[in-house]
Amino acid sequence: MATPNIPLWEVFIRSRNGLAHKHVGSLHATDATLALQAARDIYTRRGEGISIWVVPSNAITASDPSEKGMMFEPAESKIYRHPTFYDVPDEVGHM
Amino acid sequence: MYTQALNSSDGDERHVEDAERAAQFQARIDADERIEPNDWMPAAYRKTLTRQISQHAHSEIVGMLPEGNWITRAPSLRRKAALLAKVQDECGHGLYLYAAAETLGTSREELVDLMLAGKAKYSSIFNYPTLTWADIGTIGWLVDGAAIMNQIPLCRCSYGPYARAMIRVCKEESFHQRQGFEIMVTLCRGTEEQKAMAQDALNRWWWPVLMMFGPPDQASQHSDTSTKWKIKRFSNDELRQKFVDATVPQAQFLGLSIPDPGMKQNEAGNWEYSAIDWDEFKQVLAGNGPCNRDRLAARRKAHDDGAWVRDAALAYAEKRRQRATLQAAE
């Protein structure tokens, strides 16, 4: 008999206060409580974190990598969004 | 650990794909870009990696068995706690790797079922028995040492999820190797009987450990494609040589002799070892090693014995879901 599929979760860990939660991997669990416990056992055996988020993988909406050109083009073409675009006379010093 | 024999890729099965996309893909690889799960990739790249990563995962899981054999008989509480933590790490490594394999589109359940059905390979090394406590020291020192040699280059593998899993694994393997070497040091500084036990373990494990790096380069059929795709960065023989060169001085420190009387150091400083018995390797991979049947039987029993837990957890989650739906309807 084929093994039944158990839902997939994505795991995010905050390594210490002041830092954002960061994706560390995924795991299988039937519900959120078990997912948290499994995340503790699998991803924090050596003090890697002080806070865990688990998110059902199918709840994540992702951008399509094949459309990344179009998706991120607006950020590529607007160099005037960067401070280095602007000339400030040397006499003014650091700004 | 343990990606041995798994270097063969499916280069010859490549069907005609969009040549332009394939060329773009290769250009990304050549530019040392990482490939991520939803990126376009050649079917053969996906297949090769699914097989390599899942075999690697199976090896971690089966690898828990030879060492688990000694947890209840570890000589002290310190040794027992360390061994338990190590075996738990191997389980964790298996899980990171299954998760990485799944990103290529095959579920963990399917991969596990293939292993239980005897249709997927795992590293040949785990089909050897752990007869004495010295075997536990030798496994940590040599088997994990060989694994580290194999795995460090995989941290730079072109497939992102695999490379990231390997970074975590490599950090943890270092503890494994050191705990093994410490056991060896203790035995070698102990009674004559203890030292003889260490020598006996080295005698039995040395050749199987050298086989862990996979077939010699002339015989390794599809290595080229894996190298071109930057899944593999060093050849089997290169890694094997690096391992031997690193290990000989450690054996000398322990006062143990490597069971290869013909071994000699060449002018370049490399230790030249004698011919490896590749027939033994083939036999073990074909299922005829000393413990192949035991290992699979133990995995199947653990899987079957755990079925009620999976069923109960799924049933409980379903009950909670239904209750939440009912409450929402009220």
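The values are calculated or read from the model by the stated rules, or taken from the named source; none is laboratory data. Bear in mind the structure is a predicted one, so any value in this text is a computation, not a measurement. Note: ideal-geometry Cβ built from the backbone for every residue, glycine included; neighbour counts use all protein chains shown. Just so you know, the surface numbers come from the protein's heavy atoms only, side chains and all, with ligands and any DNA or RNA stripped out. Shrake-Rupley method; radii C 1.70, N 1.55, O 1.52, S 1.80 Å.
Given N residues in region A:14-93, what is Rg(Cα) / (2.2 N^0.38 Å)?
Working: Rg = 20.8 Å, N = 80, 2.2 N^0.38 = 11.6 Å.
Working it through for region A:14-93, the quotient is 1.79.
Near B:Lys282, which lysines are there with a Cα under 20 Å away, not counting those fewer than 8 places off in the same chain?
Here the lysines satisfying the reach criterion relative to B:Lys282 are B:Lys119, B:Lys121.
Where in chain A are there trypsin sites (Lys or Arg not before Pro) that are in a DSSP coil and have at most 14 other Cβ atoms within 10 angstrom of their Cβ? Each step should come with its number before you reach the end.
Numbers: sites: A:Arg14, A:Arg16, A:Lys22, A:Arg40, A:Arg45, A:Arg46, A:Lys68, A:Lys78, A:Arg81; in loops: A:Arg16, A:Arg45, A:Arg46, A:Lys78.
In loop regions of chain A (DSSP not H, G, I, E or B), the sparsely surrounded trypsin sites (Lys or Arg not before Pro) are A:Arg16, A:Arg45, A:Arg46, A:Lys78.
Consider all pairwise Cα distances in region B:56-155 and report the whole-number % of them above 21 Å.
For region B:56-155, the fraction of Cα-Cα distances above 21 Å is 37 percent.
By average Cβ neighbour count within 10 Å, what is the ranking of B:29-39, B:236-246, B:151-161 from highest down?
B:151-161, B:236-246, B:29-39
Relative contact order of chain B: what whole-number percent is it, with Cα pairs under 8 angstrom and at least 6 residues apart?
RCO, chain B: 22 percent.
Specify, per residue and in Å³, the volume enclosed by the convex hull of the alpha carbon atoms belonging to chain B.
Looking at chain B, the number lands at 167 Å³ per residue.
Can you list the residues, at least 5 places off or on another chain, whose amide H is less than 5 Å from the amide H of B:Glu272, using H built in the peptide plane?
Correct list: B:Lys264, B:Gln265, B:Asn266.
Hey, if we sort B:Arg164, B:Arg300 by accessible area with the 1.4 Å probe, largest down, what's the order?
Order by accessible area, largest first: B:Arg164, B:Arg300.
Mind checking region B:145-213 for GluC sites (Glu not before Pro) that DSSP puts in a loop (not H, G, I, E or B) and that have at most 15 other Cβ atoms within 10 Å?
Answer in residue order: no site qualifies.
Within 10 Å of each Cβ in peptide A:20-33, how many partner chain Cβ atoms are there on average? Round it to a whole number, please.
4
Roughly what percent of Cα-Cα pairs across region B:114-196 reach past 17 Å?
59
Report, by chain and number, residues whose modeled amide H sits under 5 Å from the one on A:Gly49, excluding near sequence neighbours (fewer than 5 apart, same chain).
Excluding prolines and chain starts, which carry no amide H, there are no hits.
Can you give the log10 of the normalised intensity I(q)/I(0) at q = 0.23, 0.25 Å⁻¹, computed with Debye over equal Cα scatterers of region B:247-286?
Per q value, in the given order, log10 I(q)/I(0) is -0.83, -0.88.
Taking just the alpha-carbon atoms of the protein assembly as shown, what radius of gyration and Dmax come out, in angstrom?
When restricted to Cα atoms, the protein assembly as shown yields Rg and Dmax of 24.6, 84 Å.
Could you check which residue among A:Ala32, A:Ala75, A:Ala59 shows the biggest mean-square fluctuation in a GNM of chain A with a 10 Å Cα cutoff?
Its mean-square fluctuation being the largest, the pick is A:Ala75.
Could you work out the relative contact order of chain A, using alpha carbon pairs under 8 angstrom and six or more residues apart, expressed as a whole percent?
Value for chain A: 26 percent.
Let me have the 222 nm mean residue ellipticity of chain A computed from DSSP H runs of 4+ only, each contributing -39500 (n - 2.57), with the sum over all residues rounded to the nearest 500.
My calculation for chain A gives -6500 deg cm²/dmol from helical runs alone.
State, in square angstrom and to the nearest 100, the accessible area buried between chains B and A, both chains counted, probe radius 1.4 Å. Intermediate results must be reported in sequence, preceding the final value.
Numbers: alone 16210 and 8010 Å², together 22290 Å².
Buried: approximately 1900 Å² between A and B.
Probe radius 1.4 Å, ligands and nucleic acids ignored: give me the carbon and sulfur share of the accessible area of chain A as a rounded percent. Provide the component values of the computation, followed by the final result.
Numbers: 4070 of 7020 Å².
Ligands and nucleic acids excluded, carbon and sulfur give 58 percent.
Counting only other chains, and only Cβ atoms inside 10 Å, what mean value do you get across the residues of A:35-44?
Numbers: counts 0, 0, 0, 1, 0, 0, 4, 8, 4, 0.
Across the residues of A:35-44, the mean count of other-chain Cβ atoms within 10 Å is 2.
What list of ³J(HN,Hα) couplings, whole Hz, do you get for region B:135-149 from phi and the Karplus terms 6.51, -1.76, 1.60, once you set θ to phi - 60° and write x for glycine and proline?
After applying 6.51 cos²θ - 1.76 cosθ + 1.60, I find 5, 5, x, 5, 4, x, 5, 8, 5, 6, x, 5, 4, 4, 4 Hz.
Give me, ordered by chain and number, the residues 5 or more places off A:Gly25 or on other chains with an amide H under 5 Å from its own placed amide H.
Sorted by chain and number, the residues that satisfy this are A:Val11.
Stokes-Einstein D for region B:55-108 at 20 °C, 1.002 mPa s, Kirkwood Rh over Cα pairs, in µm²/s?
This corresponds to a translational diffusion coefficient of 180 µm²/s.
May I ask for the Rg/Rh ratio of region B:181-243, computed from Cα atoms with Rh as the Kirkwood radius, given to two decimals?
Answer for region B:181-243: 1.22.
Over the Cα atoms of region B:232-330, what radius of gyration and what Dmax do you get, in Å?
26.4, 84
Please report, as a whole percent, how much of the solvent-accessible surface of chain B comes from carbon and sulfur atoms (probe radius 1.4 Å). Spell out each step's value before the answer.
Working: 8250 of 15270 Å².
Carbon with sulfur: 54 percent of the solvent-accessible area.
If every alpha-carbon in region B:173-279 counts as one equal scatterer, what log10 I(q)/I(0) does Debye give at q = 0.14, 0.15 1/Å?
Listed by q, the Debye log ratios stand at -0.67, -0.75.
How far apart, in nm, are two points set 7 Å out from the Cα along the Cα-to-Cβ line at A:Ile79 and at B:Leu131?
Distance between label points: 7.2 nm.
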